[in-house]
Amino acid sequence: MASAEASVAPTPLLKDELDIVIPTIRNLDFLEMWRPFFQPYHLIIVQDGDPSKTIKVPEGFDYELYNRNDINRILGPKASCISFKDSACRCFGYMVSKKKYIFTIDDDCFVAKDPSGKAINALEQHIKNILSPSTPHFFNTLYDPYREGADFVRGYPFSLREGAKTAVSHGLWLNIPDYDAPTQLVKPRERNTRYVDAVMTIPKGTLFPMCGMNLTFDRELIGPAMYFGLMGDGQPIGRYDDMWAGWCMKVICDHLGLGVKTGLPYIWHSKASNPFVNLKKEYKGIFWQEEIIPFFQSAVLPKDCTSVQKCYLELSKQVKEKLAKVDPYFDKLADAMVTWIEAWDELNPAGAEASAPLPNGQKA
């Protein structure tokens, strides 16, 4: 770990421009492993579940902690759009952040090692991804052409080589794969041991299942679209929060000409959730996704949708019009999408720095 510490300590990238958002119900002992990489950055911890429970954070981290009481106090009636008893609550951290970039990670994700045995600084790799352009309009067969040792291949149009701004960097996981409950049940012992040394841009018009456990995005470019939906307590579905955000975000990125990357960095996903519990949460989603995916594949945003907020509100209208017939839940979700944008705009007024709401949690 000493060498990793030495490599990150002198000049942490984007130190004052990035927040790390962590949803949790437990003490954050996992941060000890990440200390060499995370300590220079500000953490926003969103405590799920019982707000009277004390969450312990290791010494030496700069953080603010928000629990459900804080969410209710800061958002008032609009707090209804933030999920309870589900990791979707993390998106509250996106809303209250005042930084340009967000990195979000789950508390069961540890530092992975590359094939040479070196600890992977996942945050540093995400930052490299997000600070270099994407190529959503034309696929480069050498994957990321901006990476050292790579370039655009023969036949790649020169007019497209400038690329597009990167809005999202989607990282992957070694050890426990991010499977749905049926796949978990039939492959209980399967582990991901394949380290693929590649980053690629997801092409325009192509959707993907976004996983929220190892993810970075440009909050200024795409933040209002990163709403993780209504999940968990009181809702008929769970475990679709990050995927819902990913589908909405990708449609909007495609419309606005922004890029999304996937691949490196890897984290080590340490524990599989219970497949029977997951099946109960996912059951309706497994059927609904067969209607949701075609909906997003055919979604078209009008030209006058020039901001993420306008795009998102338009998408909420289409959700209400076309998905409410699948289940009344989508009518409720469409309303929550509007509430989310209203709450976002209240806490992030255009053209002015909003004063950050104070949490009950202590600051280190």
Which residues, taken from segment 280-306, are open to solvent by less than 90 Å² (accessible area, probe 1.4 Å) and either without any contact (Cβ under 8 Å) to a residue 12 or more places away in the chain or among the acidic types (Asp, Glu) (or both)?
-> 282, 294, 298
Taking interchain pairs and intrachain pairs at least six residues apart, which have beta carbon atoms under 7 angstrom, with the first residue in segment 203-232 and without any contact (Cβ under 8 Å) to a residue 40 or more places away in the chain and the second open to solvent by 10 Å² or more (accessible area, probe 1.4 Å)?
-> 209/243
Collect the residues in segment 297-321 that are of a type in the set (A, V, I, L, M, F, W, C) and under 20 Å from the mean Cα position of the chain (by Cα), keeping them in residue-number order.
-> 308, 311, 313, 315
Between a first residue in segment 309-331 that is open to solvent by less than 80 Å² (accessible area, probe 1.4 Å) and a second residue that is among the aromatic types (Phe, Trp, Tyr) and assigned to a helix (DSSP H, G or I), which pairs have beta carbons less than 7 Å apart while being 6 or more apart in sequence or on different chains?
-> 319/330; 323/295; 323/330; 324/330; 326/288; 327/288
Of the numbered conditions (1) under 21 Å from the mean Cα position of the chain (by Cα); (2) more than 19 Å from residue 14 (Cα to Cα); (3) touching a residue at least 12 places away in the same chain (Cβ under 8 Å), residue 82 fails exactly one; give the number of that condition.
-> (3)
Of the residues in segment 118-166, those that are part of a loop (DSSP other than H, G, I, E, B), touching a Ser or Thr at 6+ places or on another chain (Cβ under 6 Å) and buried (at least 19 other Cβ atoms within 10 Å of the Cβ) come to 135, 136, 146, 163
Mind checking which helices (runs of 4 or more DSSP H) fall wholly inside segment 167-259 and carry at least 3 residues that are among the aliphatic types (A, V, I, L, M) and open to solvent by 10 Å² or more (accessible area, probe 1.4 Å)?
-> 241-256
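The values are calculated or read from the model by the stated rules, or taken from the named source; none is laboratory data. None of the values given here were measured: they were computed from a predicted structure. Positions of Cβ are generated from backbone atoms using ideal geometry, with glycine treated the same way; all protein chains shown enter the neighbour counts. Just the protein is used for accessible areas: all its heavy atoms, side chains included, with ligands, DNA and RNA removed. Shrake-Rupley method; radii C 1.70, N 1.55, O 1.52, S 1.80 Å.
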